[in-house]
Amino acid sequence: MTRVFGDQTAVDHVSFVVRPGRITGFVGANGAGKTTTMQMLMGVLAPSSGEVRWQGAAVGAVDRRSFGYMPEERGLYPRMKVAEQLAFFARLHGFSAGDARNRATELLEFFDLGERSEDLLDQLSLGNQQRVQIAAALVHRPSALVLDEPFSGLDPLAVDVMVELLHTEAADVPVLFSSHQLDLVERLCDDLIVLAHGRVVAAGPVHELREGGTEQYRVELDGEDASWLRDVRGLVVEAVDGSVALLALDGLTPADLARTLTAHGPVVEMARVRQPLSQIFREITR
């Protein structure tokens with residue numbers, strides 16, 4: 001898909017797949033085009049070119065009505081009671097009045113908001129309003145979920161509840177969510193899509209993207225200063241602290257590194273370092 005605003009291309013031939021039963025993270029710097037892409041998925045914006053496909057065919061209005069969407073700009077009614085509001089959205093999706101009330105109660109109890117069901121939305125804290133917004137996206141048991149910054153404003157306990165709810169309610173549907181909280185993305189996601197300047201620069205399972213990053217090793221020598229490693233060709237020494245060094249391979253293989261270390265003296269540890277997603281993100285979008 002491509003989306004052009006005047007002479008500015010906000011989204012440039014973006015293409016990716018979100019698979020059922022997997023949580024897909026959608027990350028990128030501010031202005032990368034994440035929200036615009038999500039709005040095109042939901043039909044809020046029309047693509048300038050390209051199309052959204054659902055189960056092998058071009059997505060239509062009927063398909064989109066079955067999706068759950070949590071926009072960046074929240075869209076609930078501040079002066080409406082919480083339970084009444086959720087039941088209203090369920091009724092819009094074809095639930096009977098009784099089923100809608102039961103579904104609203106179920107979600108509010110899950111979020112520990114049962115005692116606040118008769119409160120107006122704007123009487124709740126911002127974090128609890130966020131929980132209600134998430135419940136509104138889930139109330140009709142959607143066939144797919146598109147969530148724009150769903151964890152913004154949530155405390156760690158609320159994040160854990162949200163994750164549990166996603167695994168329970170959306171275990172068999174595709175879930176796409178954007179977030180700037182890369183530690184959460186790393187913990188929760190099966191797949192990752194990285195956007196930069198309106199283009200997809202990386203996509204795939206998180207573990208594969210991590211394996212494709214710079215290969216780093218933590219080395220601990222037996223009491224000897226590790227600074228001599230700076231002079232070894234094929235290595236980039238990221239940091240040295242006495243007998244401990246963090247190394248990136250730049251030509252050497254792990255076997256070469258092991259031979260170099262043991263030839264020099266006793267080695268306490270040589271272990272590959274699992275790169276955090278934040279570092280992989282910086283490398284990909286550099």
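The values are calculated or read from the model by the stated rules, or taken from the named source; none is laboratory data. These numbers come from a predicted model, not from an experiment. Ideal geometry is used to build each Cβ from the backbone, glycine not excepted, and the neighbour counts take in all protein chains shown.
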Unique residue being within 30 Å of L184 (Cα to Cα), among the charged types (D, E, K, R) and modelled with pLDDT under 90 when the list is E208, E269: E208
The lone exception for S179 - which of (1) assigned by TED's automatic domain parsing to the domain that holds G33; (2) at pLDDT 90 or above; (3) among the polar types (S, T, N, Q) it fails: (2)
Whichever residue in region 14-41 is in a helix (DSSP H, G or I) and in contact with a Pro (Cβ under 9 Å, 6 or more places away or on another chain) and, among such residues, is farthest from E73 (Cα to Cα): M40
Candidates D119, D190, D160, filtered to the one that is charged (D, E, K, R), more than 25 Å from L277 (Cβ to Cβ) and modelled with pLDDT of 85 or more: D119
Pair list, Cβ under 6 Å, 6 or more apart: region 94-118 residue buried (at least 18 other Cβ atoms within 10 Å of the Cβ), other residue of a type in the set (A, V, I, L, M) and not in a helix (DSSP H, G or I): R103/V139
Only one of A57, A97, A61, A32 that is over 27 Å from H197 (Cα atoms) and either at pLDDT 95 or above or touching a His at 6+ places or on another chain (Cβ under 9 Å) (or both): A97
Odd one out for P205 among (1) surrounded by fewer than 21 Cβ atoms within 10 Å (Cβ to Cβ); (2) within 30 Å of V82 (Cα to Cα): (2)
Single residue of region 265-282 satisfying the filter (part of a strand (DSSP E or B) and in contact with a helix residue (DSSP H, G or I) (Cβ under 7 Å, 6 or more places away or on another chain)) that is farthest from S179 (Cα to Cα): V267
Some residue of region 96-116 being assigned by TED's automatic domain parsing to the domain that holds F16 and part of a strand (DSSP E or B): no
Filtered residues of region 117-152 (kept if part of a loop (DSSP other than H, G, I, E, B), over 19 Å from Q181 (Cβ atoms) and acidic (D, E)): E118, D119
